[in-house]
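Okay, structure first, notes after.
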Amino acid sequence: MKVLGISFGRRNQRCDILVKNALFEAKKAGAEVEFVNTVRMNITHCHACDYCSRQRDNGSVEIGCAFKDDYQELAEKVYDADGIIIGAPVYAVGIVGQFKNFMDRLMPAHDRAALLEENKKREAEGKELLDPRYFKDRYVGYISVGGAETHHWVSMGLPMLHLFSFSMCMKAVGHIDAYDQGRTGSPLLDRDLLKQCADLGRAVTESIGKPYDEVTTWVGPEGSCPVCHNELISLHGTTGVECPICGIKGKLSVEGEKVHVHFSEEEQKRARNTLPGIYEHYNEIQNMIKVCVPKLVENKEKLDEEMKLYTAPFEEVIKSM
Ligand SMILES: Cc1cc2nc3c(=O)[nH]c(=O)nc-3n(C[C@H](O)[C@H](O)[C@H](O)COP(=O)(O)O)c2cc1C
């Protein structure tokens, strides 16, 4: 039972302290723990070269990335983990870019629906299956860390961290919005915050090995969405609303000053981090390909001709106008 703590903050600063505090408790609860700080890691952004998908479709057991930087080292740690605690700083109201770089390279390449479908094909053809570590169910806990006193300067922190759960179908068992760190000075001066992190470490550890539907633990405030517990709601001009993180639909009602959003059980079961949710997206992509490819084939000559305007050196095109 391995719990990995990842800090995207500075060395020995707030994210490190809070993640380590969660790991101390995970260790007490019986986990083998590992900590990694990424601040000096070189993790470039996804260049959409499709190398990872081609590896999947060409029968490779491992799905790596074309860029040989520190991504693979961190990805290996995620594959080995049964539970993950992520602590990351808020930069410009959202989570630091390095987290997004890592997630963009790891997650779509390990989309569970695509990998399950690939394994079905391989089984039928008697070929070697994909690395079984990609299919592990994992529990996660998120800690968003911000310096600002006001919550509206960290409003995209926790929502962005939850994006990590989707493609690999992880289940979050809690999150902590550790803002106001400027005035707090050091997290060590906030015993309640340290306790929340310890609770998160314990919740992740104690969930490992249990089926997702048996785990109802939640550490942190109950948000508007019963799946990700964030407070963001997309309004579409009617009482029909959506959680922009989980992609599930709900019904909004107002009673005096109070606003309530109801998400049915059925909708909760199709949240983006669930298998049905991830299959919805997989099927969407398959259907997209069916519509798009014939159009491109049919219009090939016309498109090749019209594209000359876009592929020619831009300055030359502008001068000729
Ligand atoms: C470029 C940059 C942008 C930041 N933007 C925000 C922000 O929008 N909101 C906020 O609350 N804190 C912001 N901060 C403060 C960090 O979130 C805060 O210092 C946090 O403690 C960093 O985590 P660490 O101590 O683990 O490195 C920013 C810091 C930097 C360097």
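The values are calculated or read from the model by the stated rules, or taken from the named source; none is laboratory data. Please read all numbers here as calculations on a predicted model, not as lab measurements. Neighbour counts are summed over all protein chains in view; Cβ atoms, including those assigned to glycine, are modelled from backbone coordinates with ideal geometry.
Points worth noting:
- Residues (touching a residue at least 12 places away in the same chain (Cβ under 8 Å) and within 11 Å of the ligand (Cβ to nearest atom)) located in region 1-19: S7, F8, G9, R10, R11, R14, C15, D16, I17, L18, V19
- Entry remark, region 1-50: residues being over 17 Å from Y142 (Cα atoms) and among the hydroxyl-bearing types (S, T, Y) number 1 in total.
- Residue within region 63-76 that is in contact with a strand residue (DSSP E or B) (Cβ under 9 Å, 6 or more places away or on another chain) and closer than 23 Å to G5 by Cα present: yes
- If you filter region 176-201 down to residues that are touching a strand residue (DSSP E or B) at 6+ places or on another chain (Cβ under 6 Å) and acidic (D, E), you find that the one that is surrounded by the fewest Cβ atoms within 10 Å (Cβ to Cβ) is D199.
- Every residue from region 75-103 that is over 16 Å from V140 (Cα atoms) and either within 11 Å of the ligand (Cβ to nearest atom) or in a strand (DSSP E or B) (or both): P89, V90, Y91, A92, V93, G94, I95, V96, G97
- Residue selected from region 205-235 under the condition among the polar types (S, T, N, Q) and in contact with an Asp or Glu (Cβ under 7 Å, 6 or more places away or on another chain), by the criterion nearest to K27 (Cα to Cα): S224
- Meets criteria (touching a strand residue (DSSP E or B) at 6+ places or on another chain (Cβ under 7 Å), within 16 Å of the ligand (Cβ to nearest atom) and part of a strand (DSSP E or B)) for V173: no
- Filter result (closer than 19 Å to S144 by Cβ and polar (S, T, N, Q)) within region 60-113: Q98, N101
- For the condition in contact (Cβ under 8 Å) with a residue 60 or more places away in the chain and within 12 Å of the ligand (Cβ to nearest atom), R56 does not qualify.
- All positions within region 160-211 that are over 23 Å from A81 (Cβ atoms) and either free of Cβ contacts under 8 Å to residues at least 40 places away in the same chain or of a type in the set (S, T, N, Q) (or both): D180, Q181, G182, R183, T184, G185, S186, L189, D190, R191, D192, K195
- When E76 is tested against (1) surrounded by fewer than 15 Cβ atoms within 10 Å (Cβ to Cβ); (2) over 17 Å from the mean Cα position of the chain (by Cα), only condition (2) is not met.
- From the list N37, N42, N58, the lone residue that is modelled with pLDDT under 95 and either polar (S, T, N, Q) or out of contact with any strand residue (DSSP E or B) (no Cβ under 7 Å at 6 or more places or on another chain) (or both) is N58.
- Tabulated pairs, region 307-321, first closer than 26 Å to L296 by Cβ, second in a helix (DSSP H, G or I) and of a type in the set (V, I, T), C-beta under 8 angstrom, 6+ apart or interchain: L309/V317
- Scanning region 126-159 for residues that are without any contact (Cβ under 8 Å) to a residue 40 or more places away in the chain and either hydroxyl-bearing (S, T, Y) or away from the ligand (no atom under 16 Å from the Cβ) (or both) yields G126, P132, F135, T150.
- Count of region 116-165 residues which are of a type in the set (S, T, N, Q), part of a helix (DSSP H, G or I) and in contact with a Leu (Cβ under 8 Å, 6 or more places away or on another chain): 1
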